[in-house]
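Participant: Before we start, here is the structure in question, set down as C-alpha cells.
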Amino acid sequence: MRQANTQIEIRTGGAGLHDVTHEIARWVSETGIATGLLTVFVQHTSASLLVQENAAPAARRDLERYFARLAPERTDYEHDDEGPDDMPAHLRAALTAVSLSIPVDRGQPALGTWQGLYLFEHRRAAHRRTLALHLIGA
C-alpha cells in the first residue's frame, strides 16, 4: 500500500463551476498508483466541490442559477463582513460538499463518461483556492 498527497492551487475567475478534472487526473497519473481511493478536500468555507455533468454547459448554468435562488444575496444577513455575497457563499458551501472520495482505476479517477470534477466558487470575485489531494492505493 502506498500513499501520496499534494496541494494544488486553483485560480477562479469568480462565481461558478470551474473544471478541475484534468489537474487532478494529471496528479493521480504522476503518482504511479494504479488502484486506490482519492480524497479531494477544498480548504475554504465559501467554495465547494462537485461531481457534475461535463458535456452540456447548460446543466452547469442551471445548477449555478438554482443555488443563486436557494441562497440569494440579500442585505439582511448578520454575517456580511466581506460584502453581500459573503453569507450566501457560506450557505451554498454548506449545502454542497467540501470533500469528495473518488475511486482510482488504472491510474485515473474512475469517473463516468459524463462526469467531471468541479470547484464551485461561490464568491463573485476571483480567488485562489487550495485543494488538498490524498491518494492511497497500490
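Participant: Please give the peptides 1-10, 100-109 ranked by average Cβ packing (other Cβ atoms within 10 Å per residue), highest first, as a rough proxy for protection.
Facilitator: Values: 1-10: 12.4, 100-109: 15.8.
Final packing ranking: 100-109, 1-10.
Participant: With every protein chain present, what is the per residue accessible area of the stretch 1-125 (1.4 Å probe, Å²)? Show your work: numbers first, answer last.
Facilitator: Numbers: 7000 Å² over 125 residues.
For the stretch 1-125, the per-residue accessible area is 56 Å².
Participant: For the chain, which whole-number percentage of the solvent-accessible area (1.4 Å probe, protein heavy atoms only) is attributable to carbon and sulfur atoms?
Facilitator: Carbon and sulfur together cover 50 percent of it.
Participant: I've got another one for you. As an exercise, use a Förster radius of 35 Å and the Cβ-Cβ distance of Thr39 and Glu73 to find the FRET efficiency, rounded to the nearest 0.05. Display every interim value, and only then the final one.
Facilitator: Details: r = 32 Å, r/R0 = 0.91.
Computed FRET efficiency for Thr39 and Glu73 comes out at 0.65.
Participant: Binned at 5 Å from 0, what are the whole-percent values of the Cα-Cα distance distribution for the chain, short to long?
Facilitator: 2, 10, 20, 21, 18, 13, 8, 5, 3, 1, 0
Participant: 222 nm [θ] for the chain, helices only, -39500 (n - 2.57) per DSSP H run of 4+, per residue, to 500?
Facilitator: On the way: 3 runs with 35 residues, N = 138.
Calculated mean residue ellipticity at 222 nm is -8000 deg cm²/dmol.
Participant: With unit charges on the beta carbons (Lys and Arg positive, Asp and Glu negative) and the dipole taken about the Cα centre of the chain, which residue among Ser99, Gly36, Met87 sits farthest to the positive side?
Facilitator: Going by the Cα projections, it comes out as Gly36.
Participant: So, one more: Would you calculate the volume per residue, in Å³, of the smallest convex hull containing every Cα atom of the stretch 79-138?
Facilitator: 122 Å³
Participant: Now for a different question. Round to the nearest 0.05 the FRET efficiency obtained for Ala59 and Asn5 when R0 = 25 Å and r is the Cβ-Cβ distance.
Facilitator: Values: r = 31 Å, r/R0 = 1.25.
Computed FRET efficiency for Ala59 and Asn5 comes out at 0.20.
Participant: Given Cβ point charges of +1 (Lys, Arg) and -1 (Asp, Glu) and nothing else, what value in debye, to the nearest 20, does the dipole of the chain about its Cα centre take? Please list the in-between numbers first.
Facilitator: Numbers: 14 positive and 17 negative charges, 95 e Å.
Magnitude of the dipole: close to 460 debye.
Participant: With unit charges on the beta carbon (Lys/Arg positive, Asp/Glu negative), name the residue among Gly112, Thr45, Ala58 whose Cα is farthest towards the positive pole of the charge dipole of the chain.
Facilitator: Among Gly112, Thr45, Ala58, the one farthest towards the positive end of the dipole of the chain is Gly112.
The values are calculated or read from the model by the stated rules, or taken from the named source; none is laboratory data. Predicted model only: the values in this text are computed from it and were never measured. Please note: Cβ atoms are built from the backbone with ideal geometry, for glycine as well, and neighbour counts cover all protein chains shown. With ligands, DNA and RNA removed, areas are computed over all heavy atoms of the protein, side chains included. Shrake-Rupley method; radii C 1.70, N 1.55, O 1.52, S 1.80 Å.
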